Number of protein chains: 2
Amino acid sequence: MREASSLPSVVSDRAAKWAARRLLAALPQAPVRIALPGATVGPEHGALATLRLADRRALLELCLDPELAFGDLYSSGRLEIEGDLLGLLEASFHGTLAVGLRDRLPRRLRERALHQEPERATANARRHYDVSNDFYALWLDERMVYTCAYFPAADVTLEEAQLAKMDHVCRKVGLRPGMEVIELGSGWGALALHMARRWGVRVRAWNVSLEQVAYAREQAEKQQLADRVEFILDDWRNATGRCDALVSVGMLEHVGPRHYAELGALAARLLTPKGLALVHTIGRSAPQRLNRWIVERIFPNAHPPALSEMLRIVEPNGFAVLDVENLRRHYALTARHWFARYEANARRIEELVGKATARAWRLYLAGTVASFETASLHLYQLVFTRAANDAIPWTRAHWYAGA
Amino acid sequence: MREASSLPSVVSDRAAKWAARRLLAALPQAPVRIALPGATVGPEHGALATLRLADRRALLELCLDPELAFGDLYSSGRLEIEGDLLGLLEASFHGTLAVGLRDRLPRRLRERALHQEPERATANARRHYDVSNDFYALWLDERMVYTCAYFPAADVTLEEAQLAKMDHVCRKVGLRPGMEVIELGSGWGALALHMARRWGVRVRAWNVSLEQVAYAREQAEKQQLADRVEFILDDWRNATGRCDALVSVGMLEHVGPRHYAELGALAARLLTPKGLALVHTIGRSAPQRLNRWIVERIFPNAHPPALSEMLRIVEPNGFAVLDVENLRRHYALTARHWFARYEANARRIEELVGKATARAWRLYLAGTVASFETASLHLYQLVFTRAANDAIPWTRAHWYAGA
């Protein structure tokens, strides 16, 4: 990397303006201005936001690798966004879709990059979830549920919607008192604890995050559920035993498509003949890789799958799909709640994790809202069981009987 | 083909028994006996059924090509099944699954065989549906609905369950009075007429079967709906116009996987931006070709897709899946109703279509029951819409509000 100080002499005023205009031209649906020291480019009126760059080197970095540089420059404070952050992100997502810039690498290439071996998977998950429990507590709900909520109506609180989501999942896998449940990827333990307390089941829950498992075990003790909920600090591949219901809420994003068939084979070993399984994951309407900045800086090696990719869990392993539900709009609303809390606690978050991390996560959460609002991302709940299981519910009406 | 008369001298008693035993060994889960003139092979007690073969040539044909010969010999009466026909078929399907004989040809080979160009598709559909309306009237419900019914409870009548299915479909695509609906593959017109009458929409329905379209037009006149329901005798590929809802119930089986992306592209042209689409089809839990006898004798070129195959309608065309429901057990029950009516009308059916056709369809319907009972076949209802359509229902609760 060249030094910043050498750049002003390299990049002329004219070249800087030309580069800024090229950047703006790549975002035809997002009316924005780019402001450099001594020069501003873009519409005089009606801009959604102004991107204020600290120097010309920032402009150069943005031109060379916009996907990565945008987030990095924002995190370090060398890019400020003045104006409507959410609106800007939504417009640029819409723009990306409209101009067909979706990245569709050949499957094998795409997946090679998303290889998640156990050691690496553990390291990656820890990098994301071990930021610190206090950090997540400042913007998640009181139960620390870091997955899409389910809003029976759009005006219920986030706390109520997370409860409703957990019950929706429990209904879908047909929980009854005394059942054995296995959870793969259990976060801070909210779902496992809720299942045991409200549905009367025993749960064994796998998770590789040290911070999350410590927190979840503490909660199990506090709630006097430690005899019925076991949190196991280990990779999902090592899950053992038998269960009447298998749930995995918000883990598949970390698994990598090359391992979906393996996850399905594990489910086939764990599930009793009449057991139902549910996988809840962020996904796509068609196969596409995730934004590089998110993969490299926030969510190491994450991949939100298309439904066709998810079926590799089901189809090679003697399972049949019973139900798929797309909760995209529920995730947009969930992320709006998170972003609002994040903004309200901005000062405390910055004190806790430092300015750069705080800014990176602010951009990430705003981008999450925008991604679901613009349908760049979807949220799938997939229910499956052994193909010939006759002990399946006759209809789905009872899932909605209490509504 | 050698002449039947030359065979007794070619096939010795010992060879015939050996061949019969080999056949039985291939069906380890189905305890059956094979009876030949002068020889019986198989368990003395506890057999589900006895397969009585007219001669040794029938045995030879069964050994050489069991998949095709079983149905052909039964149709011609050279094979009689004494005992529990449904039980025998279910046991042999279970057996096939258990010993892993599922046919999984490479995708390209499989699909080459399932190529459905418009002319051929028309000829094939006509061969199936133009048997005669009177024939179908002898075993379908009063509305002539030849697709899986929806039983809100297992004890409702077939007539009620077909009504419930049509309303279930209408709810899923969010019908409201005044909407424009396009139906692709409309059978005898029951759904199109029901939509117009009960849901107050206008329907244009495409179908290539002469007999069905004639019947449906007659019904539209009788029910004074001809001004609101138009039946168009043409291939689905030629559908035109715009619609607020697109439905296709029981046509995808005839389309062939090579044409799914084309069907999706057509849907993208026909649907308004907020429109919902529903495809209802017999399917598989994993890609597999259909039994050759059914493909060659009953359902020309039919292919029940796996969900991963169906997604070629959705994923390349800017759509997102909203909902998938598997109604496998509903089809098993539907087919049981059809089979019971078929048995009750056996004599009239034989008078109408002749003995060979009557026997072929008897075997086909019994096989349909067995296929759904044993999960060799599934029934998928898939709902999709443009990926970024925000006018989607917030939850599915209202689909069950009247239940």
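The values are calculated or read from the model by the stated rules, or taken from the named source; none is laboratory data. Source: prediction; values computed, not measured. Cβ atoms come from the backbone with ideal geometry, glycine included; neighbour counts cover every protein chain shown.
How many residues, within the range B:237-254, are in contact with a Pro (Cβ under 9 Å, 6 or more places away or on another chain) and buried (at least 18 other Cβ atoms within 10 Å of the Cβ)?
The number of residues fulfilling the criteria is 3.
Can you give me the number of residues within the range A:354-403 that are more than 9 Å from every other protein chain (Cβ to nearest Cβ), in a loop (DSSP other than H, G, I, E, B) and touching a residue at least 40 places away in the same chain (Cβ under 8 Å)?
3
I'd like to know if the range A:202-209 contains one or more residues that are closer than 22 Å to A:S132 by Cα, modelled with pLDDT of 95 or more, crowded, with 23+ Cβ neighbours inside 10 Å and not hydrophobic (A, V, I, L, M, F, W, C).
Looking through the range A:202-209, at least one residue is closer than 22 Å to A:S132 by Cα, modelled with pLDDT of 95 or more, crowded, with 23+ Cβ neighbours inside 10 Å and not hydrophobic (A, V, I, L, M, F, W, C).
For A:R312, state whether it is surrounded by fewer than 21 Cβ atoms within 10 Å (Cβ to Cβ) and within 14 Å of chain B (Cβ to nearest Cβ).
yes
Take A:T147 and decide whether it is within 21 Å of the chain's Cα centre (by Cα) and either among the acidic types (D, E) or within 24 Å of A:L263 (Cβ to Cβ) (or both).
So A:T147 passes the test.
Pairs, please: C-beta under 7 Å, at least 6 apart or cross-chain, first residue at positive phi and in the range B:233-257, second among the small types (G, A, S)?
Filtered contacts from the range B:233-257: B:G250/B:G185; B:G250/B:G187.
Test B:V295 against the criterion of being in contact with an Asp or Glu (Cβ under 9 Å, 6 or more places away or on another chain) and not acidic (D, E), and give yes or no.
The answer is no for B:V295.
Hey, which of the helices (runs of 4 or more DSSP H) in the range B:238-353, taking only ones fully inside, have at least 2 residues that are acidic (D, E) and either more than 28 Å from B:A161 (Cα to Cα) or not assigned by TED's automatic domain parsing to the domain that holds B:L64 (or both)?
B:346-353
Name every residue in the range A:347-403 that is under 13 Å from the mean Cα position of the chain (by Cα) and not hydrophobic (A, V, I, L, M, F, W, C), in order of residue number.
A:Y364, A:G367, A:T368, A:S371, A:S376, A:H378, A:Y380
Here's a check for you: in the range A:314-360, which residue that is in contact with a strand residue (DSSP E or B) (Cβ under 8 Å, 6 or more places away or on another chain) and not hydrophobic (A, V, I, L, M, F, W, C) is nearest to B:E325 (Cα to Cα)?
A:D323
So, A:F339, is that one more than 13 Å from every other protein chain (Cβ to nearest Cβ), modelled with pLDDT under 95 and within 15 Å of the chain's Cα centre (by Cα) or not?
no
Identify, from the list A:E325, A:E262, the residue that is buried (at least 23 other Cβ atoms within 10 Å of the Cβ) and free of Cβ contacts under 8 Å to residues at least 60 places away in the same chain.
Testing whether each residue is buried (at least 23 other Cβ atoms within 10 Å of the Cβ) and free of Cβ contacts under 8 Å to residues at least 60 places away in the same chain leaves just A:E325.
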